[in-house]
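The values are calculated or read from the model by the stated rules, or taken from the named source; none is laboratory data. Everything numeric here is computed off the predicted structure, so don't read it as measured data. With ideal geometry, Cβ positions are generated from the backbone for all residues, glycine too; neighbour counts draw on all protein chains shown. Calculation scope for accessible area: heavy atoms of the full protein, side chains included, ligands and nucleic acids excluded. Shrake-Rupley method; radii C 1.70, N 1.55, O 1.52, S 1.80 Å.
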2 protein chains.
Amino acid sequence: MEEIKGILEFMVEIEKLKSVSRQTKPVGLSRYENSAEHSWHVCLSALMLKDYANETIDITRVMKMLLIHDLGEIDAGDTIIYSSETNENKLKEQNCIARLFKSLPNTISDEYIQLWVEFEKGESSDAIFAKAIDRVPPLLHNIHGDGHSWKKHNISKDKVLTFNGERISKGSEKLWHELEVQLEEAVESGLLK
Amino acid sequence: MEEIKGILEFMVEIEKLKSVSRQTKPVGLSRYENSAEHSWHVCLSALMLKDYANETIDITRVMKMLLIHDLGEIDAGDTIIYSSETNENKLKEQNCIARLFKSLPNTISDEYIQLWVEFEKGESSDAIFAKAIDRVPPLLHNIHGDGHSWKKHNISKDKVLTFNGERISKGSEKLWHELEVQLEEAVESGLLK
């Protein structure tokens, strides 16, 4: 069965996401997070938070987006959210997505390449919600991990609030409201300045 | 917002799955896989393979099951699939699931505790497919990783074929057919005896 063989090849190739390192450490761990375990965490988080989206969303599409959203990093690596991403890097990710999905049946690859582009654009209600949830784990890692990446990269309170507030409140105002409270507590306890 | 606070607590608590070590190494890596990155891999794999299920399945339910199926390991640890699981261990996992979902709204916790039980029973078409896909990555890790865990645990060809053949073909005969071909190749090249 040629198609299943292609899907198994895909399953082997995407194993590489397990060695792409991110910029924050999971709560309680001294090592950095990888993009595969992040993709699980953010996908399950979106599922738990789906009822708090500002707009009507299709959670299955959101989950699909979040499962594949970082696959482009297999060729391009991870970029910290507070730095602006270059066009060159974005192109690398796009080419990587095309390369990975090439081994899959056309109906599948067409759907997922489109979903990846939709996520990147961040305009549809599904993409807006997915991109909002994607921003939450690094905040929790810092709040429960002595502000390690805020301190390392010298990220100010204003930058954290502006940069995440806009993105997260666009997807879920209720979620941002609660995170704002927790970030204020982080400021009070000196983790964030 | 008390409910969102509970969900954020859950998001922090399940971070612990990132430090639960499994029995095989991801393709190309020298370290063992953790259960969080495995959960991502198996969920995305199920999505790609959904059209090859023997029976009609609801892929959203399958994805939900696979995202949470290993959460019980946070308190119980991972068990190699070739050893029989004790009742004591199963009870630990069940209690862990109850503990984790306690911080979530009742509507959510009821749904996911039921899904976890359904997966464990493995009787519904969704659970049968999910449990079939869950068996595939360790095979790929061995096929593309010099049979490392087969050799370490002294697992014979017969055991690999019987143990996985039954489970995987029950979920997808077409998938098992292709895996059988690849396992025969592993036998020919001496990875599996």
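Of the residues examined, A:Ile4 is one that is modelled with pLDDT of 95 or more and among the aliphatic types (A, V, I, L, M).
Using the structure shown, decide if A:Ala132 is within 18 Å of the chain's Cα centre (by Cα), within 18 Å of A:Ser84 (Cα to Cα) and either touching a residue at least 24 places away in the same chain (Cβ under 8 Å) or open to solvent by 10 Å² or more (accessible area, probe 1.4 Å) (or both). Walk me through how you get there before you give the answer.
Details: within 18 Å of the chain's Cα centre (by Cα): yes; within 18 Å of A:Ser84 (Cα to Cα): yes; either touching a residue at least 24 places away in the same chain (Cβ under 8 Å) or open to solvent by 10 Å² or more (accessible area, probe 1.4 Å) (or both): yes.
For A:Ala132, the condition - within 18 Å of the chain's Cα centre (by Cα), within 18 Å of A:Ser84 (Cα to Cα) and either touching a residue at least 24 places away in the same chain (Cβ under 8 Å) or open to solvent by 10 Å² or more (accessible area, probe 1.4 Å) (or both) - is met.
Taken together, the residues in the range A:130-147 that are at negative phi and either in contact with a Cys (Cβ under 7 Å, 6 or more places away or on another chain) or more than 14 Å from every other protein chain (Cβ to nearest Cβ) (or both) amount to 2.
When the range B:1-50 is filtered for residues that are more than 19 Å from the chain's Cα centre (by Cα), more than 7 Å from chain A (Cβ to nearest Cβ) and open to solvent by 10 Å² or more (accessible area, probe 1.4 Å), the ones remaining, listed by number, are B:Glu2, B:Glu3, B:Glu9, B:Glu13, B:Ser30.
Which residue out of B:Lys121, B:Lys102 is open to solvent by 50 Å² or more (accessible area, probe 1.4 Å), over 19 Å from A:Met48 (Cα atoms) and free of Cβ contacts under 8 Å to residues at least 60 places away in the same chain? From the options B:Lys121, B:Lys102, the qualifying one is B:Lys121.
Restricting the first member to the range A:155-169 and to residues that are under 12 Å from A:Val136 (Cα atoms), and the second to residues that are part of a helix (DSSP H, G or I) and among the aromatic types (Phe, Trp, Tyr), the beta-carbon pairs closer than 7 Å and six or more apart or on different chains are A:Val160/A:Trp150; A:Gly165/A:Trp176; A:Ile168/A:Trp176; A:Ser169/A:Trp176.
Of the set (1) modelled with pLDDT under 95; (2) of a type in the set (A, V, I, L, M); (3) in a loop (DSSP other than H, G, I, E, B), all apply to A:Leu91 but (3). Residue count for the range A:57-88, restricted to those that are over 25 Å from B:Met63 (Cα atoms), under 16 Å from the mean Cα position of the chain (by Cα) and either in a helix (DSSP H, G or I) or in contact (Cβ under 8 Å) with a residue 24 or more places away in the chain (or both): 6. Run A:Ser83 past the list (1) facing another protein chain (nearest Cβ under 10 Å); (2) farther than 20 Å from B:Gly28 by Cβ and report the number of the one that doesn't hold. It is condition (1) that A:Ser83 fails.
Farther than 30 Å from A:Lys159 by Cβ and either facing chain B (nearest Cβ under 9 Å) or polar (S, T, N, Q) (or both): does that describe A:Pro105? Explain how you work it out, then say what you get.
Working: farther than 30 Å from A:Lys159 by Cβ: yes; either facing chain B (nearest Cβ under 9 Å) or polar (S, T, N, Q) (or both): yes.
Yes.
Determine whether B:Thr107 is farther than 21 Å from B:Arg31 by Cβ and either without any contact (Cβ under 8 Å) to a residue 12 or more places away in the chain or open to solvent by 40 Å² or more (accessible area, probe 1.4 Å) (or both). Taking the combined requirement at face value, the residue satisfies it. Within the range A:167-190, the residues that satisfy the criterion of being facing chain B (nearest Cβ under 8 Å) and open to solvent by 20 Å² or more (accessible area, probe 1.4 Å) are A:Lys174, A:His177, A:Gln182. Screening the range A:51-71 for residues that are more than 9 Å from every other protein chain (Cβ to nearest Cβ), β-branched (Val, Ile, Thr) and surrounded by fewer than 24 Cβ atoms within 10 Å (Cβ to Cβ) and picking the one that is farthest from A:Asn95 (Cα to Cα) gives A:Thr56.
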